[in-house]
Each structure stands twice: as C-alpha cells, then as structure tokens.
1. Pairs, please: C-beta under 6 Å, at least 6 apart or cross-chain, first residue closer than 20 Å to Tyr333 by Cα and in region 122-133, second aromatic (Phe, Trp, Tyr) and open to solvent by less than 10 Å² (accessible area, probe 1.4 Å)?
2. Would you mind stating whether His322 is surrounded by 12 or more Cβ atoms within 10 Å (Cβ to Cβ), out of contact with any Gly (no Cβ under 6 Å at 6 or more places or on another chain) and modelled with pLDDT under 60?
3. What about Cys44, is it within 20 Å of Gln187 (Cα to Cα) and either in contact with a helix residue (DSSP H, G or I) (Cβ under 7 Å, 6 or more places away or on another chain) or not in a loop (DSSP other than H, G, I, E, B) (or both)?
4. May I ask you to list pairs of residues, at least six apart or on different chains, whose Cβ atoms are under 6 Å apart, with the first in region 136-155 being more than 14 Å from Val276 (Cβ to Cβ) and the second being part of a loop (DSSP other than H, G, I, E, B) and open to solvent by 20 Å² or more (accessible area, probe 1.4 Å)?
5. Return the residues of region 17-38 that are surrounded by fewer than 17 Cβ atoms within 10 Å (Cβ to Cβ), under 18 Å from His68 (Cα atoms) and touching a residue at least 24 places away in the same chain (Cβ under 8 Å); say none if nothing qualifies.
6. Any residue at all in region 351-364 that is surrounded by 15 or more Cβ atoms within 10 Å (Cβ to Cβ) and modelled with pLDDT under 95?
7. Closer than 22 Å to Gln270 by Cβ and of a type in the set (Lys, Arg): is that true of Lys184 in this structure?
Amino acid sequence: LPSVLCLGDCQLQTPCRIQKCTTDFVSLTSHLNSALEGFDLEFCKALRAYSACTYRNSKVCRGNLVYHSAVLGISDLMSQRNCSKDGPTSSTNPEVTHDPCNYSGHTEARERQEGEKTHPTTYLFCGLFGDPHLRTFKDHFQTCKVEGAWPLIDNNYLSVQVTNVPVVPGSSATATNKITIIFKSYQDCTDQKVYQAVTDDLPAAFVDGTTSGGDGNTKSLRIVEKVGGKYVEMHVKYIGTTVYIRQLGHYLTLAIRMPQELVMAYEESQDLQLCVNGCPSTERIDDSGHLPLPVMGQLLPQGGAAHPWSVYTLETATTKCHEKMLVKDIYFYSCVFDLLTTGDANFTAAAHSALQDVEALHPRKEHWHIFPSNGGGGGGKGSKFFVGLGLVCLILVVFL
C-alpha cells in the first residue's frame, strides 16, 4: 500500500557539532604566535569564526554542556583580547569558509579537502503531468493510473506525495489534484517545512505561512511565485534541488531536479517511489512503455469524436497538439492521448509546460526529447512507444 507521509514530528535527529567548531578554532590558531605583530587581529578573526559556528549549532546543541562552556569561553576571550563581535572571520580553512547550506559549495570544499578533482555532480530529473504521465529519474516514461495518494519521492532529505483523481467517468485515467512536499530538517540550514498545493489553491508559502527556511539572510530554502496562483518554484540550496509546480486547468504538474547521491539516500522501506522505480505494473495504462495511439491512419468515423465526452477526433487532437509542440516526441503523443481521453484542452498546455520544465531542469540536452520511433533520448525500454495500433487499442487499454 502507498505510504502516507507524516505531517507531524518526523525530523531527522541532527548531532551537535560543537566539537567540530572547537577543532576548527584550534586549527586556525595553533600556528599563531602571541609575540608577533598581528596576533590579536588574526586571533579575533578566528574567535568570530568560532562564535559563528556555535551560533549555527545553537538549536541542536542547546542541552549540551560542552556547547555552553564554549559559548562562555568565547565571550571571555573576546573581552580579554578586546575583539569586536562584528568583523572579518578567518578564511584559511576551507571547512570554515564554505557555506554548509550551499550544496554546490559543499561539494567544491570536499574536492579541496580530498586534494583531487572528483566527478562533477550528477543531477537527475523527474516530472509528472497529464492523466498522469511520469518521467522517472532514469528517463523512463510511463502512463499510469495511481489513483489516490502515492509517493513520488521519499528519501532522507525530502518527501513528495501526489494525490490523483479520476478525470472522466468510466475511465482509468487520473490526474493530480494535490501535492504535498516535506522538506526534512537539515542541520542548521532549515527546520522541517511542509508545502501543500491543491486544485485552485497553489500558495507561495509553506503551511506555517513562511516563504523560506534558514536563519537570517541564509534562505537556504525559498519559494518564488512566478504566476500568482498558477506557478511556483522552490529553490532548495542546501540539497541542490529545484522544484516547479504548476496548475493548468483543474490539475497540477510537478518537475524536480535533484543530485543523484541524494536521490539514492533512502532506506529499503522507502522503495515505493514513483520517481525512482516507476509505477507498479498493476497501475500502468501503457503496456510496458508502449502507448497505443491512432496516429498512422484515420480509423475514426469521419468527423467522429473519440468518446461521447470528447470533442476531438484524432485529426483535430493532432492539430491542436501540433500548435504547441512542433517536435513529435513523447510529450506530443501524450498530448494527443490526453485530448482523446478527456476532451480537455488544458492538457495541451500541461504537456507543453512539462516539456518546457524538462528544458529548464534536465541537465542533459540530448535527453530532452524521447521519440516514439526508437525510444531514444536516453529513455530506455520504459519510454518506447508503439504507434499505429488504432483507436480500438486505445479504448481497450484505457477503458477495460
């Protein structure tokens, strides 16, 4: 059964790192000679860096006696050396100078520490749109039912859950009308933050009313409203992640880019993640990645619609989708599929926006498009589409 995301106290236990602060201070001052000129200046810089480190750990170390002793000791040393609280801090130690709430800066600092160039960070993309179509982190493309609440992502850093409802009577096709995201507490970068969007309520704030996470001006997590009530972006600096959420018509779409090493940071019990492992076979509308569409020949009665509630024929649906998408890739054929299934023209905009999100967030341009003819673009077996089976197959797959 799909796991239900906890909305209560499910923060990760973060250890107190006061020992690390102290070790860094000793490292910064061990080479200083009090008899030489400039000692007080450098010592005060190191003290301010020490103080800043203790402040960043103030929440997780509040019950730690060593922490409180360090705070008092810093205050005494500052008084003895006549150090001002404001001013430059030591910048000789990369562990101190890098921003712990900046993922890209953290990886660069790790490279410096290890003394060798590591492989560039690999980012992965996942998207969900339409009724619904899923592009997994592995670039597999699927069309699924997944009615009700399902986890898209559930790892050590964030959880994303979507709720899907039936689109039209008698059809197994569904679309997303609710998205819940939990950004889990992470060191001193952010407390736990919960975001929730439902149809006709796409807020530019978390459920607690805030628009960012992190102390002061850090803003290691922030929400940016692009189109009021229709499109928001979330920039999660401490885990190098970006999320786009849109409302098009009555339904929501989601796109996310996240570092691969963080995507894979989950326990065995968290293996039900649509973005990671795709939809269960029992929830697939497509047949092992093949989405039957009547695109090779007009098999509908002349002027006839696909279904009683659809105003589109194959010809008019193809024309409508071609207005927005010139390239006939999986997004184009998903658009045609959705129009013939629902008759809702908003699904055209959803497919077009989903492709735009791919172009904005997917790190590899050569993989933006996945083509039905050969399943290219890195899609693999899960993204191949068989085209030309006719309308009868469409009806059988969707409605039986």
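The values are calculated or read from the model by the stated rules, or taken from the named source; none is laboratory data. Just so we're clear, the structure is a prediction, and the values are computed from it rather than from any experiment. With ideal geometry, Cβ positions are generated from the backbone for all residues, glycine too; neighbour counts draw on all protein chains shown. When the accessible area is computed, the model is the full protein with side chains, heavy atoms only, and any ligands, DNA or RNA have been set aside. Shrake-Rupley method; radii C 1.70, N 1.55, O 1.52, S 1.80 Å.
1. Gly130/Phe347
2. Judged against the criteria, His322 is not a match.
3. It is false that Cys44 is within 20 Å of Gln187 (Cα to Cα) and either in contact with a helix residue (DSSP H, G or I) (Cβ under 7 Å, 6 or more places away or on another chain) or not in a loop (DSSP other than H, G, I, E, B) (or both).
4. The qualifying pairs are Lys145/Ser172; Ala149/Pro2.
5. Those that are surrounded by fewer than 17 Cβ atoms within 10 Å (Cβ to Cβ), under 18 Å from His68 (Cα atoms) and touching a residue at least 24 places away in the same chain (Cβ under 8 Å): Gln19, Lys20.
6. no
7. When the stated conditions are applied, Lys184 passes them.
Residue by residue, here is whether (1) of a type in the set (D, E, K, R); (2) modelled with pLDDT under 95 holds:
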{"site": "Arg246", "(1), (2)": "yes, no"}
{"site": "Tyr251", "(1), (2)": "no, no"}
{"site": "Leu272", "(1), (2)": "no, yes"}
{"site": "Arg284", "(1), (2)": "yes, yes"}
